[in-house]
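The block underneath contains the structure these notes are about, expressed in structure tokens.
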Amino acid sequence: MKSLLVALSAVGLLGAMPALAHTETYNITLTFFEPDTQPRDTIFKGSFEYDSHSKTVSGLAGMLSESMTGDPFNASPLGDYGMTWLTLGHQLVSWYDASLGGTFAATFRNANTNTFTTMFGGDGWSPQAGVDAGGVYFGFPRPANNPGNAYALIFVPDNPLAALTQAQIDKLAYADCAPGGMMGAVCMTGTTIAGYGAIGTMSGFPVSQVITLATAPVPEPETWAMLLAGLGLVGWPARRRPV
């Protein structure tokens, strides 16, 4: 009987080990090469949560650099040339793309998606809408009506730690419509010809995305229950052993 209990407890412990939480936290860095502002590039650094079962992204937030700011001759202690960084803390858009095998998500500076003008149609925020509108800001032609929105569009493959393919990289994008427009009426953007039919408004385009695991997998409640049950089975013979 003792051997049977030990065997059962071992099975319970082994069965508990692989049952980890579906949702994990990741860090992410996107880099957009900006030929007109070198050595300064547009960079997005942030974090998000990913549910591997539903393949959904949540809580995407971070900082977006403005490569037109800072001093190209002084790297600064942080190595970012003193660029201004915008806070993007509103994940408002997300969808799964079966053809590319992953999930898109976009986080915005404002609590709405108003980014590009809708004078020519479009949804007012997506990279394609920005290309079709020539990067002109939402609220044009009145500068006072420009909400100054910005966003970063990421892609999380089904295996978040897998390197992106070129086709996936081609779909990454950003937009920065600082108040009044950084270039008059035009927002600064980063897109690719392959992904959207045009490069960014200052020739910028995505070159890399790196995702790393921020936290170790956390056991789910049922895992803890199985673990405790297994430990109980191990200890039961000891409690019954005569002294």
Only one residue in ILE199, ILE211, ILE154 is part of a loop (DSSP other than H, G, I, E, B), of a type in the set (A, V, I, L, M, F, W, C) and either within 20 Å of TYR96 (Cβ to Cβ) or at pLDDT 95 or above (or both), so which one is that?
ILE199
With the requirement that a residue be part of a helix (DSSP H, G or I) and within 29 Å of HIS53 (Cα to Cα), what does the range 93-142 give you?
PRO127
Just to be sure, is LYS55 at pLDDT below 95 and either under 20 Å from LYS171 (Cα atoms) or of a type in the set (D, E, K, R) (or both)?
no
Does THR29 satisfy being out of contact with any Leu (no Cβ under 9 Å at 6 or more places or on another chain), within 22 Å of SER203 (Cβ to Cβ) and either in contact (Cβ under 8 Å) with a residue 60 or more places away in the chain or assigned to a strand (DSSP E or B) (or both)?
yes
Conditions: (1) under 25 Å from ASN27 (Cβ atoms); (2) in contact with a strand residue (DSSP E or B) (Cβ under 7 Å, 6 or more places away or on another chain); (3) not acidic (Asp, Glu). CYS177 meets all but one. Number of the miss?
(1)
Quick check on the range 137-146: of everything there that is crowded, with 16+ Cβ neighbours inside 10 Å and more than 11 Å from ALA175 (Cβ to Cβ), which residue is nearest to the chain's Cα centre (by Cα)?
ASN146
Name every residue in the range 200-212 that is surrounded by fewer than 19 Cβ atoms within 10 Å (Cβ to Cβ) and at negative phi, in order of residue number.
VAL207, SER208, VAL210, THR212
Just to be sure before I move on: is GLY89 more than 27 Å from GLN166 (Cβ to Cβ), surrounded by 15 or more Cβ atoms within 10 Å (Cβ to Cβ) and under 13 Å from the mean Cα position of the chain (by Cα) in the structure I sent?
yes
Here the residues within the range 59-80 that are in a loop (DSSP other than H, G, I, E, B), hydroxyl-bearing (Ser, Thr, Tyr) and either loosely packed, with under 11 Cβ neighbours inside 10 Å or touching an Asp or Glu at 6+ places or on another chain (Cβ under 9 Å) (or both) are SER67
With the structure loaded, tell me whether GLN168 is within 19 Å of THR31 (Cβ to Cβ), modelled with pLDDT of 95 or more and either in contact with a His (Cβ under 8 Å, 6 or more places away or on another chain) or not small (Gly, Ala, Ser) (or both) or whether it fails that test.
yes
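The values are calculated or read from the model by the stated rules, or taken from the named source; none is laboratory data. Keep in mind the model is a prediction, meaning the values are calculated, not measured. When we count neighbours, we look across all protein chains shown, and the Cβ atoms used for this are built from the backbone with ideal geometry, even at glycine.
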